[in-house]
Amino acid sequence: MENSLQLAYVVCLVMLLAVSAGLVIRQVLRTRATETTLNRLQNQVTQGEANPDALYELGGIYLRKKLYGQAAGYLQKALRSWPEEDAAGRARVCNALGYACFAQDQYDVAIRHYRDALKLLPDYVTAWNNLGHAYEKKKLTAQALEAYDQALAQDGSNGTARRRAEALRKRLAPTA
């Protein structure tokens with residue numbers, strides 16, 4: 001009986017270690033891929049060969065690394081060089097730039113970038129969600145609710161917008 005209990009314990013321990021090792025290896029591979037891409041893109045920038053897509057990708061990497069100031073710089077460069085006729089691409093860059101500003105507590109600037117994204121692509125649900133969140137941070141509850149309602153008008157199954165809109169409606173509801 002005692003031997004089977006010890007065997008079960010060892011098997012569980014080995015399984016736990018195997019799963020942990022797998023997760024660590026996966027994270028190492030992801031990090032390595034990100035760093036390889038980062039080096040490649042930085043070389044393109046240094047050599048003056050970076051196109052708007054590369055600048056946007058580089059900005060995205062810096063966002064994931066939480067280096068928001070650097071991300072904003074590359075995203076601004078991407079936006080300046082992005083083709084005018086590609087409204088959807090420009091909207092993505094504006095939204096990412098808004099996120100970089102939001103993460104630095106620059107809510108007014110973030111709002112401006114989210115609104116720019118929505119001028120380019122009025123049905124951009126992520127930008128509506130982000131705009132609502134920025135308005136919430138500025139304590140502009142009515143505007144936040146309006147942004148979340150717009151997100152829901154575009155995508156009725158948007159769980160984030162639904163939860164935030166319900167919470168704001170409760171906050172705005174007169175108490176009896």
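The values are calculated or read from the model by the stated rules, or taken from the named source; none is laboratory data. Just so we're clear, the structure is a prediction, and the values are computed from it rather than from any experiment. Backbone-built Cβ (ideal geometry, glycine too); neighbour counts: all protein chains shown.
Tell me, please, whether a residue that is out of contact with any Lys or Arg (no Cβ under 9 Å at 6 or more places or on another chain), in a helix (DSSP H, G or I) and of a type outside the set (Gly, Ala, Ser) can be found in the range 96-103. Talk me through it step by step, then tell me what you get.
Quick first cut of the range 96-103, residues out of contact with any Lys or Arg (no Cβ under 9 Å at 6 or more places or on another chain) only: 96-97, 99-100.
With the extra rule that they be in a helix (DSSP H, G or I), the set shrinks to 96-97, 99-100.
When the remaining residues are screened for being of a type outside the set (Gly, Ala, Ser), the result is 97, 99.
Scanning the range 96-103 turns up at least one residue that is out of contact with any Lys or Arg (no Cβ under 9 Å at 6 or more places or on another chain), in a helix (DSSP H, G or I) and of a type outside the set (Gly, Ala, Ser).
Could you say whether any residue in the range 82-89 is closer than 27 Å to Asp116 by Cα, crowded, with 19+ Cβ neighbours inside 10 Å and not hydrophobic (A, V, I, L, M, F, W, C)? Explain how you work it out, then say what you get.
Filtering the range 82-89 for residues closer than 27 Å to Asp116 by Cα gives 82-89.
Of the ones still in play, those that are also crowded, with 19+ Cβ neighbours inside 10 Å are 82.
This time we only want the ones that are not hydrophobic (A, V, I, L, M, F, W, C), so: none.
Within the range 82-89, none of the residues are closer than 27 Å to Asp116 by Cα, crowded, with 19+ Cβ neighbours inside 10 Å and not hydrophobic (A, V, I, L, M, F, W, C).
Checking Ala153 against (1) part of a helix (DSSP H, G or I); (2) touching a residue at least 12 places away in the same chain (Cβ under 8 Å), which test does it fail?
Tallying (1) part of a helix (DSSP H, G or I); (2) touching a residue at least 12 places away in the same chain (Cβ under 8 Å), Ala153 fails exactly one: (2).
Being in a helix (DSSP H, G or I) and outside the structural domain of Cys101 (by TED's automatic domain parsing) is true for just one of Ala18, Ala88, Ala72. Which residue is that? Give the steps one after another, and end with the answer.
On the way: Ala88 fails: outside the structural domain of Cys101 (by TED's automatic domain parsing); Ala72 fails: outside the structural domain of Cys101 (by TED's automatic domain parsing).
Just one listed residue meets the conditions, Ala18.
Could you go through the range 20-40 and let me know if any residue there is of a type outside the set (D, E, K, R) and under 27 Å from Leu120 (Cβ atoms).
Within the range 20-40, one or more residues are of a type outside the set (D, E, K, R) and under 27 Å from Leu120 (Cβ atoms).
I'd like the residue in the range 1-26 that is surrounded by 10 or more Cβ atoms within 10 Å (Cβ to Cβ) and among the hydroxyl-bearing types (Ser, Thr, Tyr) and, out of all such residues, is modelled with the highest pLDDT.
Here the residue is Ser20.
Output the residue which, of all residues in the range 90-109 that are among the small types (Gly, Ala, Ser) and crowded, with 21+ Cβ neighbours inside 10 Å, is nearest to Lys139 (Cα to Cα). Break it down into steps so the answer makes sense when it comes.
Of the residues in the range 90-109, the ones among the small types (Gly, Ala, Ser) are 91, 96, 98, 100, 103.
Now restrict to residues that are crowded, with 21+ Cβ neighbours inside 10 Å: 91, 96, 98, 100.
Values: Ala91: 25, Ala96: 22, Gly98: 18, Ala100: 20 Å.
Per the stated criteria, the residue is Gly98.
Suppose the filter is within 20 Å of Cys94 (Cα to Cα), surrounded by 10 or more Cβ atoms within 10 Å (Cβ to Cβ) and touching a residue at least 40 places away in the same chain (Cβ under 8 Å); does Gly69 pass it? Spell out how you get there, then give the answer.
On the way: within 20 Å of Cys94 (Cα to Cα): yes; surrounded by 10 or more Cβ atoms within 10 Å (Cβ to Cβ): yes; touching a residue at least 40 places away in the same chain (Cβ under 8 Å): no.
It is false that Gly69 is within 20 Å of Cys94 (Cα to Cα), surrounded by 10 or more Cβ atoms within 10 Å (Cβ to Cβ) and touching a residue at least 40 places away in the same chain (Cβ under 8 Å).
Looking for something surrounded by fewer than 10 Cβ atoms within 10 Å (Cβ to Cβ), in a helix (DSSP H, G or I) and either of a type in the set (D, E, K, R) or assigned by TED's automatic domain parsing to the domain that holds Gln143 (or both) - is there at least one such residue anywhere in the range 27-43?
The answer is no; no qualifying residue exists.
Looking at Pro122 and the list (1) assigned to a helix (DSSP H, G or I); (2) out of contact with any helix residue (DSSP H, G or I) (no Cβ under 8 Å at 6 or more places or on another chain), which single condition is not satisfied?
Checking Pro122 against (1) assigned to a helix (DSSP H, G or I); (2) out of contact with any helix residue (DSSP H, G or I) (no Cβ under 8 Å at 6 or more places or on another chain), the one that fails is (1).
Assuming Gly98 fulfils every condition listed in (1) within 17 Å of the chain's Cα centre (by Cα); (2) outside the structural domain of Ala50 (by TED's automatic domain parsing) apart from one, which condition is it?
For Gly98, the exception is condition (2).
Condition first: under 19 Å from the mean Cα position of the chain (by Cα), more than 18 Å from Val109 (Cβ to Cβ) and small (Gly, Ala, Ser). Now tell me which residues in the range 123-156 satisfy that.
Passing the criteria: only Ala151.
Looking at Leu55, is it surrounded by 14 or more Cβ atoms within 10 Å (Cβ to Cβ) and in contact with a Lys or Arg (Cβ under 6 Å, 6 or more places away or on another chain)? Don't jump to the end; show me each part of the working.
Details: surrounded by 14 or more Cβ atoms within 10 Å (Cβ to Cβ): yes; in contact with a Lys or Arg (Cβ under 6 Å, 6 or more places away or on another chain): yes.
Answer is yes for this residue.
Quick check on my filter: what residues within the range 147-161 are over 13 Å from Thr126 (Cβ atoms) and in contact with a Phe, Trp or Tyr (Cβ under 8 Å, 6 or more places away or on another chain)?
none
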